[in-house]
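Rule-based calculations on the coordinates, nothing more; no lab input. The shown structure was predicted, so the numbers you read here are calculated from the model rather than taken from an experiment. Neighbour counts run over all protein chains shown; Cβ positions are idealised from the backbone, glycine included.
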Amino acid sequence: MPPAPDWDVVVVGAGLAGALAAHGLSRCGVRVLLVEQRVFPRWKVCGACLSPQALAALEAAGLAGLVADQGGLALGSLELGVAGLVSPIALGSGRVLSRARLDQALVEAAEVVGATVLTGTRALLAPAAGHAPHREVVLQNGTARRRVSAKVVLIAAGLTHRCLDGEAQIASRIDPKSRVGAGCVLPAGAAALPPGVLQMAVGRGGYVGLVRVEGGEINLACAFDPPLVRSSGGASGACQTVLKEAGFAPPAGLDGAAWQLTAALSRRTRPLAGHRLLLIGDAAGYVEPFTGEGMGWALTSSLAALPLVLRGLEHWDGAIEADWRRLHHRWVSQRQTFCRALAMVLRNPWATWGVSRLARTFPSITSSMIGFVQRPTLPCLTD
């Protein structure tokens, strides 16, 4: 059945930010259409690690048991490998859950509370018609095209957000030194990696994270300098180079794995809002994460945006757009500062060596530092 022509909110992108926004708004009685280009369940390049911030955001949204119900594993320790030296570091209350399972569960949770979900459907935001009381979105499924309207549109369509091609004033500036993401899934027997352990290999041309997910498979998520990928003959070769340099034995099956690459990771998108339009999640900008921060940023941005969306349903004015820039900076951009600084440190061989020696010599101090940085702080949903 085709979707209704008019909605309170259309959310483009059913990843973490989009699905959680659809869930939260639907719980408030808002008529929500959630549109996703891919067909679920689907895998995507991601470390599969949920930080304490991500878990706290899910709890605040009323989904405290979702990760455990899906078989999420406790994440107890980090093995940091740098220049052949591997240092064990205790972690706090993180969890591991594959994105295929997590995203599907969030979409289903949104449907349970009333959201309408369209997968396998592309969305394109139509240009704003002055100060009209709605925005139009063009939906395309195969050769069929249909227009729907909404009082507010949320764009949660990831790094490239092609759905905004007609919104000329919104543009992303890619960091010239940005790395590209890469990832794959290996069979359970590919490596002797215990559950609950995240192996992080840091090399001169990038880093590789390995963790066992709920089904036993090994999830690899990497960030590489593009020259390393080219000179190594692809993502598999780059992965082996970084792992060996860091002091880890490469797991079996890397060459035959189904690797996926992402667009450039580090980018800033401006502006973050337009007429009856807000950007959330990765669509609002991204920084190389390290131990699960990326999912925390996405979920937190969704929570921070909800009060503004509810306000915009009653009356939209320019103050909402300005408030979103302020709130996004407070709850997301400022938290990304640490990862931005860490990424710069890990590109310097001497600084990286110093970090590894600190972790090896004072593991409890390093663990406390990680715990402090990952301490959850959440926006008030009634703001």
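Which helices, taking whole DSSP H runs in the chain, have alpha carbons extending 24 angstrom or more along the helix axis plus mean Kyte-Doolittle at least -0.5?
Numbers: long enough: 293-314 (33 Å, 0.76).
Both cut-offs are met by 293-314.
Taking only DSSP H segments of four or more residues, each worth -39500 (n - 2.57), what value at 222 nm results for the chain once the sum is divided by all its residues, to the nearest 500 deg cm²/dmol?
On the way: 11 runs with 126 residues, N = 383.
My calculation for the chain gives -10000 deg cm²/dmol from helical runs alone.
So if I average 1/r over every pair of distinct C-alpha atoms in the range 172-216 and take the inverse, what Kirkwood radius in Å does that give? Intermediate values should be presented prior to the final figure.
Numbers: mean 1/r = 0.0780 Å⁻¹.
Its Kirkwood hydrodynamic radius stands at 12.8 Å.
Let's test this: bin the Cα-Cα distances of the range 1-44 at 5 Å from zero up to the farthest pair and state each bin's percent.
P(r) over the range 1-44, rounded to whole percents: 6, 21, 29, 24, 15, 5, 1.
Suppose we keep just the DSSP beta bridges with both residues in the chain; what percent of those would be antiparallel, to 5?
Counting only bridges with both partners in the chain, antiparallel ones make up about 70 percent.
Quick one: grab Rg to one decimal and Dmax as a whole number for the range 1-133, Cα atoms only, in Å.
My reading of the Cα-based Rg and Dmax gives 18.0, 60 Å.
For the range 13-79, rounded, prolate or oblate, judged on the Cα gyration tensor with a ≥ b ≥ c (square roots of eigenvalues), a/c < 1.5 rounded, else prolate if a/b > b/c? If you can, show how the numbers build up before the last one.
On the way: a/c = 2.50, a/b = 1.43, b/c = 1.74.
Taking the square roots of the gyration eigenvalues as a ≥ b ≥ c, the range 13-79 is oblate.
Check the straight Cα-Cα distances from residue 177 and name the aspartates and glutamates below 13 Å, setting aside those fewer than 8 residues away within the same chain.
Within the straight-line limit of under 13 Å, residue 177 reaches these aspartates and glutamates: 225, 288.
Just the ratio, please: alpha-carbon radius of gyration of the range 244-356 over 2.2 N^0.38 Å, N its number of residues. Each step should come with its number before you reach the end.
Values: Rg = 18.5 Å, N = 113, 2.2 N^0.38 = 13.3 Å.
Scaled against compact globular proteins, the figure is 1.40.
Could you tell me the largest-minus-smallest coordinate of the C-alpha atoms of the range 175-301 on each of the three principal axes, in descending order and whole angstroms?
Principal axes ranked by extent give 51, 34, 22 Å for the Cα atoms.
When only alpha-carbon atoms are used, what values of Rg and Dmax, in angstrom, describe the range 123-216?
20.8, 60
Compute the Rg/Rh shape ratio of the chain: radius of gyration over Kirkwood radius, all on alpha-carbon atoms. Working shown, then result.
Numbers: Rg = 20.6 Å, Rh = 21.2 Å.
Taking Rh as the inverse mean 1/r over Cα pairs, Rg/Rh reads 0.97.
Got a sec? How would 93, 178, 51 order by Cβ neighbour count within 10 Å, fewest to most?
Working: 93 15, 178 19, 51 30.
Ordered from fewest to most neighbouring Cβ atoms within 10 Å, 93, 178, 51 come out as 93, 178, 51.
Can you sort 44, 151, 177 so the residue with the fewest Cβ neighbours within 10 Å comes first?
On the way: 44 17, 151 20, 177 12.
Lowest to highest Cβ neighbour count: 177, 44, 151.
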